[in-house]
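The values are calculated or read from the model by the stated rules, or taken from the named source; none is laboratory data. Keep in mind the model is a prediction, meaning the values are calculated, not measured. For neighbour counting, all protein chains shown are included, and Cβ atoms are generated from backbone atoms with ideal geometry for every residue, glycine included.
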Amino acid sequence: MKRILFAAVVCALTIFNAGPTRAQSPLVSTSGPFVGTMSEGWESFPRFGGTYLASPTSIMGGHATIANSMMAVYQSGQAFLGTSGTAQVADGTQGLMLNYFAQTATITWNTPIMEFGGYFAADTSSYNGDPTIVTVSFYGQSSTLLDTEIFSYSHSATGDGGLDWHGWLSATPVYSITLHGDFLTMDGLQAAVPEPSVTVLVILAAVLMAGFTSIRAVIRNESKGQMPDSEG
């Protein structure tokens, strides 16, 4: 609740202080590890034995689906991740890997979320370079692109195949997310849906943003009108 309030307020203040050409990102904060209202640890899925998971596959207790034609559930230490060694897991004994280079997975929620995070790894072989880049895109209603975040992965120095936490807090409801990377691996996914009171806060933030924009426009217009007199 406090994280969402922070998101709404910071979003409003960010846009108030931003210039007219500055991008207005709805992702106002990187979220640390949290326990969401829904999660996925891949423990209930059969391990890869030559057959990939169906695309789409229901996840997070039926609250979402994930789509990719080469999704493989692996056991800790058994997924190849190039010079980073074999992939570990964040919890339990299983994780999920997109079993090829430059693959994209799409997660779609039945109810829009405000917060998302998980543990991720990717391939850093000599073929792909080190570090490797992972791209996460967030979409709102009607598949409108809200924002795109990029992070890098490299565990070559340790060779432990460890997964790193990445999380995001949005001031705008998120309906779907795409994750793109080489042999992208994920585990311990968490997501949080907006509470009724949070929805009110988001609406209030939008109203405040509109009000701030109008005030800035009035101030600019008045300043331009006074400039000739002050110079004369």
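E195 versus (1) modelled with pLDDT of 95 or more; (2) surrounded by fewer than 17 Cβ atoms within 10 Å (Cβ to Cβ); (3) within 19 Å of A64 (Cα to Cα): which is the lone unmet condition? With respect to (1) modelled with pLDDT of 95 or more; (2) surrounded by fewer than 17 Cβ atoms within 10 Å (Cβ to Cβ); (3) within 19 Å of A64 (Cα to Cα), E195 is out only on (1). Applying the set (1) among the charged types (D, E, K, R); (2) at pLDDT below 60; (3) within 18 Å of T30 (Cα to Cα) to D164 leaves exactly one unmet item: (2). Applying a threshold of 6 Å to beta carbon distances and a minimum spacing of six or more residues, or different chains, the list of pairs starting in the stretch 57-72 at a residue that is under 18 Å from L184 (Cβ atoms) and in contact (Cβ under 8 Å) with a residue 12 or more places away in the chain and ending at one that is of a type in the set (G, A, S) and surrounded by fewer than 17 Cβ atoms within 10 Å (Cβ to Cβ) reads T65/S58; A67/S55; N68/S55; S69/S55.
Where strands (runs of 3 or more DSSP E) fall entirely within the stretch 94-164, those with at least 3 residues that are out of contact with any Asp or Glu (no Cβ under 9 Å at 6 or more places or on another chain) and either touching a residue at least 24 places away in the same chain (Cβ under 8 Å) or of a type outside the set (D, E, K, R) (or both) are at 103-121, 145-153.
It is to be established whether one or more residues within the stretch 71-84 are over 17 Å from F183 (Cα atoms) and surrounded by fewer than 21 Cβ atoms within 10 Å (Cβ to Cβ). No; the residues of the stretch 71-84 include none that is over 17 Å from F183 (Cα atoms) and surrounded by fewer than 21 Cβ atoms within 10 Å (Cβ to Cβ). State which residue is modelled with the highest pLDDT when the search covers only the stretch 110-147 and only residues that are crowded, with 19+ Cβ neighbours inside 10 Å and of a type in the set (S, T, N, Q). Step by step, filter the stretch 110-147, then rank; the result is T132.
If you go through the stretch 48-77 and keep only what is in a loop (DSSP other than H, G, I, E, B) and at pLDDT below 95, you end up with F48, G49, G50, T51, S76, G77.
Regarding the stretch 168-182, can at least one residue be identified that is more than 19 Å from I66 (Cα to Cα), of a type outside the set (S, T, N, Q), within 12 Å of the chain's Cα centre (by Cα) and at pLDDT 60 or above?
Filtering the stretch 168-182 for residues more than 19 Å from I66 (Cα to Cα) gives 169-172.
Cutting the leftovers down to of a type outside the set (S, T, N, Q) gives us 169, 171.
Remaining after also requiring within 12 Å of the chain's Cα centre (by Cα): 169.
When the remaining residues are screened for being at pLDDT 60 or above, the result is 169.
Yes, the stretch 168-182 contains at least one residue that is more than 19 Å from I66 (Cα to Cα), of a type outside the set (S, T, N, Q), within 12 Å of the chain's Cα centre (by Cα) and at pLDDT 60 or above.
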